[in-house]
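Worksheet for the structure shown next.
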Amino acid sequence: MPDTAAALTTQDYIAIEDRYNAHNYHPLDIVIERGRGPWVWDIEGNKYLDFLSAYSAVNQGHCHPRIVAAAKDQLETLTLTSRAFRNVQLALLVKELCELTGFDMCLPMNSGAEAVETLFKAVRKWAYVEKKITEDRAEIIVCRDNFHGRTITTVSASTEPDYRRDFGPFTPGFIPVPYGDAEALRRAITPNTAAFLVEPIQGEAGVLIPPAGYLKAVEAICRENNVLFCVDEIQTGLGRTGRLFAFEHDGVRPDVATIGKALSGGILPVSAVLSRRDVLGLFEPGQHGSTFGGSAFAARVAREALKVLVDEKLVEQSAKLGEYFLNRLRALKNPLIADVRGRGLFIGVELKPEAGGARGYCEKLMQKGLLCKETHVNTIRFAPPLVITQEELDWAFDRVREVME
């Protein structure tokens, strides 16, 4: 087919996508062609500051030169062997990842949802082998309004109607409790409880931060009841909240954690489950796997993405600039703002219902060169790449102020 891309307009691309692509997203009507650092350009050459980072997958910025160089080198060396054989890059990745995070073992996968599915299998196996729960009776307690993925089992663990409508029957074994209520967790635990899974900050629900002491309390409850304490750090991990992991803000240590998104710097899907040895160590050959999980290509890219986070001190950058930007946002004068909350560069601006929803504000910000996205109708989520500068944040704030005030 001839390349006709140069002759197509934004509206042409939108029409093509709407005709041929399933309508499972509601994107802003911008067609992005390239990106570098925190900036992207549309097909007409207009420049925008990315304030979403592909839902925290591009913490290191678009097309980070070190990660791109590592990817190019590995593409010419070795991409995939499957796990039928060993490869150099996988061995180095799992070693470096465990040393960086302090977990005993890890299991690389592809998407974040795959990592959560892997967690579910791992904790259920631990429940039957180690805790001696009767086979097929294990339960996992989850939080209301969570987001752990889009597969049948991950939406089975959700209470959000839009994630579940018309997709049943669902996987059994999930018990929902209110987010931020430690005593509700305590009441929900039974002899069949295998694990409790929680997001340290609920991103899709509107950047919701639990009450102070919540994670500490649920950690203690899990320890008292021999229940695995599990956290989903796919959006919040790897520097997004100003710590390597968001759970570090509360001084807790989970038994199992999932990571993804920024693990590859936005180059390709890479995720992983991190855990104690007595959990992941229970898997036997043939009981779980992935053709592309832990590929040489994915492992090399992930290794470089982690090195960039450390070498460029992006975790510390997120903490410093996040506090700076939060303080500026909290000074906005608009009676329709209900709340401004966040940690690091993971920030939500919640609007009152009478504002008419957050999408209109996101569309106006796009017209001024700032890209962000609404979540749960009334909240604007700000999550720029961690490579952003204070000057660029000031540029962004001027546009936010123009729209909000």
*Could you look through the stretch 304-347, keep only residues that are polar (S, T, N, Q) and touching a residue at least 24 places away in the same chain (Cβ under 8 Å), and pick out the one that is farthest from Ser56 (Cα to Cα)?*
Asn334
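Quick one: which of Ala115, Ala91, Ala84 is in a helix (DSSP H, G or I) and without any contact (Cβ under 8 Å) to a residue 60 or more places away in the chain? Show your work before the answer.
Numbers: Ala115 fails: without any contact (Cβ under 8 Å) to a residue 60 or more places away in the chain; Ala84 fails: in a helix (DSSP H, G or I).
It is Ala91.
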*Restrict the check to the stretch 117-138 and report whether at least one residue is in contact with an Asp or Glu (Cβ under 6 Å, 6 or more places away or on another chain), closer than 26 Å to Val207 by Cβ and surrounded by 24 or more Cβ atoms within 10 Å (Cβ to Cβ).*
no
_So for the stretch 80-87 (the condition being of a type outside the set (Ser, Thr, Tyr), touching a strand residue (DSSP E or B) at 6+ places or on another chain (Cβ under 8 Å) and modelled with pLDDT of 95 or more), does at least one residue qualify?_
no
*Among the candidates Lys320, Lys333, which residue alone is at pLDDT 95 or above, in the same structural domain as Ser56 (by TED's automatic domain parsing) and surrounded by fewer than 16 Cβ atoms within 10 Å (Cβ to Cβ)?*
Lys320
*Exactly one of (1) more than 30 Å from Asp339 (Cα to Cα); (2) of a type in the set (A, V, I, L, M, F, W, C); (3) in a helix (DSSP H, G or I) is unmet by Ala184. Its number?*
(1)
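In the stretch 233-247, is there at least one residue being over 22 Å from the mean Cα position of the chain (by Cα), assigned to a loop (DSSP other than H, G, I, E, B) and surrounded by fewer than 24 Cβ atoms within 10 Å (Cβ to Cβ)?
First, pick out the residues of the stretch 233-247 that are over 22 Å from the mean Cα position of the chain (by Cα): none.
No, the conditions are met nowhere in the stretch 233-247.
What about Ala302, is it within 29 Å of Arg66 (Cβ to Cβ), touching a strand residue (DSSP E or B) at 6+ places or on another chain (Cβ under 8 Å) and buried (at least 16 other Cβ atoms within 10 Å of the Cβ)? Write out each step before concluding.
Values: within 29 Å of Arg66 (Cβ to Cβ): yes; touching a strand residue (DSSP E or B) at 6+ places or on another chain (Cβ under 8 Å): yes; buried (at least 16 other Cβ atoms within 10 Å of the Cβ): yes.
When the stated conditions are applied, Ala302 passes them.
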_Qualifying residue in the stretch 117-126 (condition: closer than 25 Å to Leu208 by Cβ and small (Gly, Ala, Ser))_ = no
*asked:* Report every pair of residues separated by at least 6 positions or lying on different chains whose Cβ atoms are under 9 Å apart, first residue within the stretch 22-39 and closer than 17 Å to Gln367 by Cβ, second in a strand (DSSP E or B) and of a type in the set (Asp, Glu).
replied: Ile30/Asp42; Val31/Asp42; Ile32/Asp42; Ile32/Asp50; Trp39/Asp50
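Determine, yes or no, whether Leu100 is surrounded by 12 or more Cβ atoms within 10 Å (Cβ to Cβ), over 22 Å from the mean Cα position of the chain (by Cα), of a type outside the set (Ser, Thr, Tyr) and more than 18 Å from Pro269 (Cβ to Cβ). Give the steps one after another, and end with the answer.
Working: surrounded by 12 or more Cβ atoms within 10 Å (Cβ to Cβ): yes; over 22 Å from the mean Cα position of the chain (by Cα): no; of a type outside the set (Ser, Thr, Tyr): yes; more than 18 Å from Pro269 (Cβ to Cβ): yes.
Considered against the rule, which asks whether it is surrounded by 12 or more Cβ atoms within 10 Å (Cβ to Cβ), over 22 Å from the mean Cα position of the chain (by Cα), of a type outside the set (Ser, Thr, Tyr) and more than 18 Å from Pro269 (Cβ to Cβ), Leu100 comes out as no.
Would you tally the residues in the stretch 299-351 being of a type in the set (Lys, Arg), closer than 24 Å to Glu391 by Cα and out of contact with any Asp or Glu (no Cβ under 7 Å at 6 or more places or on another chain)? So that I can check it myself, show each step before the final result.
The initial filter retains those residues of the stretch 299-351 that are of a type in the set (Lys, Arg), namely 300, 303, 307, 313, 320, 328, 330, 333, 341, 343.
After this cut, where a residue has to be closer than 24 Å to Glu391 by Cα as well, the list is 313, 320, 328, 330, 333, 341, 343.
Remaining after also requiring out of contact with any Asp or Glu (no Cβ under 7 Å at 6 or more places or on another chain): 313, 320, 328, 330, 341, 343.
Residues meeting the conditions: 6.
Please tell me if Ala217 is under 25 Å from Glu130 (Cβ atoms) and either outside the structural domain of Leu326 (by TED's automatic domain parsing) or under 21 Å from the mean Cα position of the chain (by Cα) (or both).
Details: under 25 Å from Glu130 (Cβ atoms): yes; either outside the structural domain of Leu326 (by TED's automatic domain parsing) or under 21 Å from the mean Cα position of the chain (by Cα) (or both): yes.
Taking the combined requirement at face value, the residue satisfies it.
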*asked:* So in the stretch 142-164, with the set limited to residues that are among the β-branched types (Val, Ile, Thr) and more than 21 Å from Ile259 (Cβ to Cβ), which one is surrounded by the fewest Cβ atoms within 10 Å (Cβ to Cβ)?
replied: Ile152
*Looking at (1) more than 27 Å from Gly265 (Cα to Cα); (2) in contact with a Ser or Thr (Cβ under 9 Å, 6 or more places away or on another chain), can you tell me which one Cys106 breaks?*
(1)
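Each row is one residue, and each column tells you yes or no for (1) within 22 Å of Gly342 (Cβ to Cβ); (2) free of Cβ contacts under 8 Å to residues at least 60 places away in the same chain; (3) touching a Gly at 6+ places or on another chain (Cβ under 9 Å).
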site: Ser264; (1), (2), (3): no, no, no
site: Ala272; (1), (2), (3): no, no, yes
site: Leu282; (1), (2), (3): no, no, no
site: Gly286; (1), (2), (3): no, yes, no
*Which one of these does Ala205 not meet: (1) free of Cβ contacts under 8 Å to residues at least 24 places away in the same chain; (2) assigned to a loop (DSSP other than H, G, I, E, B)?*
(1)
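The values are calculated or read from the model by the stated rules, or taken from the named source; none is laboratory data. Treat the numbers as computed from the prediction; the structure is a model and nothing was measured. A quick note on method: Cβ atoms are made from the backbone with ideal geometry, for glycine too, and the neighbour counts reach across all protein chains shown.
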